[in-house]
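The values are calculated or read from the model by the stated rules, or taken from the named source; none is laboratory data. The shown structure was predicted, so the numbers you read here are calculated from the model rather than taken from an experiment. Note that each Cβ is placed from the backbone with ideal geometry, even for glycine, and that neighbours are counted across all protein chains shown.
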Amino acid sequence: MSSKNRGSQASANTSRTTGSAGRPAGKTRNAAAPRNGPRWLLLGSGLAVALIAVVAGWAFLSGSTGSRGAAVAGGSDGTVVQARGGHWTNITPDKLAAMLGTKDFTLLNVKTPYIGEIAGTDLYIPYDEVAARATELPKDKGAKIVVYCRSGNESAIAAQTLVDLGYTNIDNLDGGMNAWTASGRSLVQLNRG
């Protein structure tokens with residue numbers, strides 16, 4: 001290698017290994033720059049605050065605007081579901097069967113499309129038509145209404161609609177007709193729909 005090339009190679013090596021004022025590169029310290037420890041602590045704290053805010057917001061929104069809220073144990077009579085503006089109670093097929101023995105409520109099938117019903121059903125109103133057909137429901141907002149569908153999803157929506165309409169005594173068959181038939185009971189087919 002010529003002396004000219006060695007000289008430029010040496011100066012290139014020097015510029016890579018030294019910083020300003022002859023200090024080694026990467027060792028230059030800015031007095032205003034924070035150390036890594038506090039920077040990570042600050043970042044971690046910020047993330048923790050953000051996470052808490054997201055969880056609190058989610059809890060607030062699901063309790064105040066969601067169609068289904070938190071379920072609260074309600075003993076042998078069912079599970080109370082806190083909803084926007086009220087609540088309903090999820091009941092078991094056994095509870096509904098016992099209630100049918102001394103029927104003092106409106107039994108409402110909301111499954112769409114119609115696939116059959118539990119014997120003793122008073123009304124068939126698709127879940128997405130409950131508000132529009134509210135005149136068919138009991139006039140007394142405190143009257144007991146038991147609502148069901150195939151699996152419990154559409155009836156939960158209907159239960160929230162009933163709460164929105166001002167009804168205060170609502171039961172929902174937990175698991176719907178699927179749970180009803182799984183418990184050994186049968187459905188009937190009427191000419192509805």
**Asked** Mind checking which pairs have a first residue in segment 104-115 that is assigned by TED's automatic domain parsing to the domain that holds Asn169 and touching a residue at least 24 places away in the same chain (Cβ under 8 Å) and a second that is part of a loop (DSSP other than H, G, I, E, B) and of a type in the set (S, T, N, Q), Cβ under 6 Å, 6 or more apart or different chains?
**Response** Leu107/Thr121; Asn109/Thr121
**Cβ-Cβ under 8 Å pairs, at least 6 apart or on other chains, segment 170-193 side without any contact (Cβ under 8 Å) to a residue 60 or more places away in the chain and in the same structural domain as Leu107 (by TED's automatic domain parsing), far side surrounded by 14 or more Cβ atoms within 10 Å (Cβ to Cβ) and among the hydroxyl-bearing types (Ser, Thr, Tyr)** = Asn178/Ser151
**Message:** Take the residues in segment 151-174 that are assigned to a loop (DSSP other than H, G, I, E, B) and surrounded by 21 or more Cβ atoms within 10 Å (Cβ to Cβ); name whichever of them is farthest from the chain's Cα centre (by Cα).
**Reply:** Tyr167
**Asked** How about segment 134-159: which of its residues are of a type in the set (Lys, Arg) and closer than 14 Å to Asp171 by Cα?
**Response** Lys141, Lys144
**Message:** Checking the conditions here, which among Asp140, Asp122, Asp164 is on the phi < 0 side of the Ramachandran plot, touching a residue at least 60 places away in the same chain (Cβ under 8 Å) and assigned by TED's automatic domain parsing to the domain that holds Val81?
**Reply:** Asp164
